[in-house]
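Below is one structure, written out as structure tokens, with a few remarks after it.
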Amino acid sequence: MTTVPTAAMSDVRTTTRATAPLGRVLRSELRFILRRPRTLVALAALAFTPVIAGISVAIAAGSMSGGRRDDIAGIAMLVADNGLILPIFVLLLAMPMMLPLCGAMWSADALAGEASTGGLRNLLLAPVSRPRLLAVKAFGVAAVSLLAVTIMAVTAILAGIVLLGGEGMLTLSGSTMSVPASLGRIALLTLLVTIQVWAVAAIALAISSTTDHPLIVLAATTGGIVLFTVLGGIDTLSWLHPVLLTDGWLDMADVVRDPLPADGLVENAFRATCYILIGYSLALARLTTRDG
Amino acid sequence: METKKTVLSFAAAGTVAGVAGLVLLASPAGAGEAPPELPAISPDDLVESVLNTEIPALSGSVALENNLGLPLPGMPGSTDGAEIRVFTDGEGKHRVQLPDSGTETTVIDDGKTVWVWNSSERSVTKVPHGADGKAHEKPLESRFADPATAARELVDAMQKDSEVDVDGTARVADRPVYQLVLTPKPTERTLLREVRVSVDSETRVPLQVEVLANGQAEPAVKAGFTEFADGPQDASLFQFTPPEGATVTEQDPNEEFRGQAPKDLFGDLDLNTYGEGWDTVLTATIPNDMLTMPFDEARPGGDRGDRGDRGERGGFANGSDNPLELLGTLGKQVSGDFGTGYVISANVGTALITEDGKVAIGAVPEQVVIEAAEQMK
């Protein structure tokens, strides 16, 4: 191996240089997603939800209800005069449908959307490795999902402090947490919710890699979430429940219990990680075998 | 196309790993594990060590399961495997947390006062300890959350009328345990087959109690730790300050403390026991108005989530849909010296409820509850 000609070495170098630096590609992918009007509309809707929720609690304190959802109704009881719990409330409110759908939408755009406009064909033909292409797309979806959840949490913190006030955070266990500790819990929930959205987005990306129609991705993901929720509600299928991604979503109210019961939250994150792994693996397999 | 193959095998490995992770989540912990090796111990020594052990400072989670098919009054969490979190400092301070979907009831005994926090009502009930410095009575919510004490009391009460044996070892809450088995002596008239107490090999704290009925493979009642850690606990866990804006009600410690749930149910019941050991029959007299009250409001277990409404007595008898009528459909009508009543049989026990409100219940055949009812005044 010591006799490799210098020419070959320089060849290798030129090929490496031919691909753009990863940082720049990731930045441009993100800019590309954020420039789409529907992305901006979705982010704005997520940013306004906490404000609307905050105003309705401030006007009609105590009469908030979560419809048929016990977990939301329970937290809603604590929202009045307890502004820092508003981020927890809105994140849990958006967890079962709103946030997963946003994640699915970005995944749908990433591959199926590109395919429907013919853009994916160019990308597949370009001298870029398919795993790298998928990594860039997956990064874009993950980054914008994190951004969406964070925007929601931050506007909820502001709306909570301004509209509802309260010092520290009253937990479900009846203790009052200091402001830094409360912000820590909010950050934790933001992260946990993001991981769940990533899991949905990963599965959606796998579906996205098989079709040219972004709507199919959205429909399949929505159908999947509804199906999982229904299965999760059937007691005789309790053996199946630990496998369902949606199963732990309602238990995330655990972040406002004191002391923090970590077990369920860790299990949730682990379950989501499994789905992320499966989703990206399938997307990778499909993208690799897909003809240019 | 070597790289394509490599990529595909990576993808396959990733999928397999993800699926394996999910399977791991779905498989019950500790299944198929060999029982731990522990030094042999005689049944008498084990019983003695259980009865003499002080419950140390500990934290843990307690799960309750019942296959009775009957709603048990004040047995929280028996519906959906919800776990109860318990903490104690070993010196009389306790913290019990009963999480439910989006709500929590927290009971804290700080050594001087018992506090009950109910998040769904944002309310606090404060009960100072009585003059003797002891909590007059444990709130109902936390009474079931202490399998260790319950098991000790059970072993203490039952050992005289039981064959006591050590049936190997097992694992409970990830700790090696001895299985102490109490079986009724042949003279006992009971529907139960055995009571199985899992005793922690190290601390000798009972970690789990299972009650098994004749002809049933699954325990009829199972209460035990799913997580258990002994060691000093953070003192702040046993302090409570009512949060701002919460409704605080103070209760007289000398009154019967009934906790939040089955309010008013256990008052004036005139509880008595007949017999001893396995064929103990518990008798009580139900106030008349409760028997004729519409069923939904009398039912102590209630549905999940309506804890707030429970216990507030609503409109009285209009004659329809009251517990007595329901008994007619559930049970078998019997009559005797005690009057007329209904017998309800379950795998683990029998209950007799008469029309004038006498109740006899025990883990015994029908004959024994009727005998007990006949002795009632």
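The figures follow:
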read-out	value
Whole-number D in µm² s⁻¹ for chain A, Kirkwood Cα-pair radius fed into Stokes-Einstein, 37 °C, 0.692 mPa s	159
Surface share of carbon and sulfur [accessible, 1.4 angstrom probe, percent] for chain A	70
Local electrostatic count, A:Met177, Cβ distance below 12 Å [Lys/Arg +1, Asp/Glu -1]	0
Accessible area of A:Val136 in the full protein assembly, 1.4 Å probe (Å², nearest 10)	10
Translational diffusion of segment A:134-196, µm² s⁻¹ [Kirkwood Rh, Cα pairs; Stokes-Einstein; 37 °C; 0.692 mPa s]	250
Average partner coverage of A:271-283, which counts Cβ from other chains inside 10 Å	5
Karplus-derived HN-Hα couplings along segment B:359-364 (A = 6.51, B = -1.76, C = 1.60, θ = phi - 60°), whole Hz, x at Gly and Pro	10, 10, 9, x, 7, 9
For A:Leu26, net neighbour charge (Lys/Arg +1, Asp/Glu -1) across residues whose Cβ lies under 14 Å away	+4
Net charge contributed by nearby residues that have their C-beta within less than 13 Å of A:Gly165 (K/R +1, D/E -1)	-3
³J(HN,Hα) computed for each position of segment A:268-276 - Karplus, 6.51 cos²θ - 1.76 cosθ + 1.60, integer Hz, glycine/proline x	4, 5, 5, 4, 4, 4, 4, 5, 4
Residue of A:Pro100, A:Pro180, A:Pro131 that the Gaussian network model of chain A assigns the largest fluctuation, springs spanning Cα pairs under 10 Å	A:Pro180
For B:Val172, distant residues with modelled amide H under 5 Å away	B:Val177
Rounded to the nearest 10 Å², the accessible area of A:Tyr275 at probe 1.4 Å	20
Shielding score for B:98-110, defined as the mean number of other chain Cβ atoms within 10 Å	6
Amide H contacts under 5 Å for B:Leu207, placed H, 5+ residues apart	B:Ser198, B:Val199, B:Asp200
Choice from A:Gly174, A:Gly224, A:Gly83 with maximal GNM fluctuation in chain A (Cα, 10 Å cutoff)	A:Gly174
Other protein chain Cβ atoms within 10 Å, averaged over every residue that makes up A:250-258	3
Backbone HN-Hα couplings from phi across segment B:94-105 [Karplus 6.51/-1.76/1.60, Hz, Gly and Pro as x]	9, 9, 10, 10, 10, x, 10, 4, x, 9, 7, 10
Translational diffusion coefficient (Stokes-Einstein; Kirkwood radius from C-alpha pairs) of segment A:177-277 at 4 °C, 1.567 mPa s, in µm²/s	87
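The values are calculated or read from the model by the stated rules, or taken from the named source; none is laboratory data. This is a predicted model, so every value here is computed, not measured. When we count neighbours, we look across all protein chains shown, and the Cβ atoms used for this are built from the backbone with ideal geometry, even at glycine. Only protein heavy atoms, including side chains, enter the accessible area calculation; ligands, DNA and RNA are left aside. Shrake-Rupley method; radii C 1.70, N 1.55, O 1.52, S 1.80 Å.
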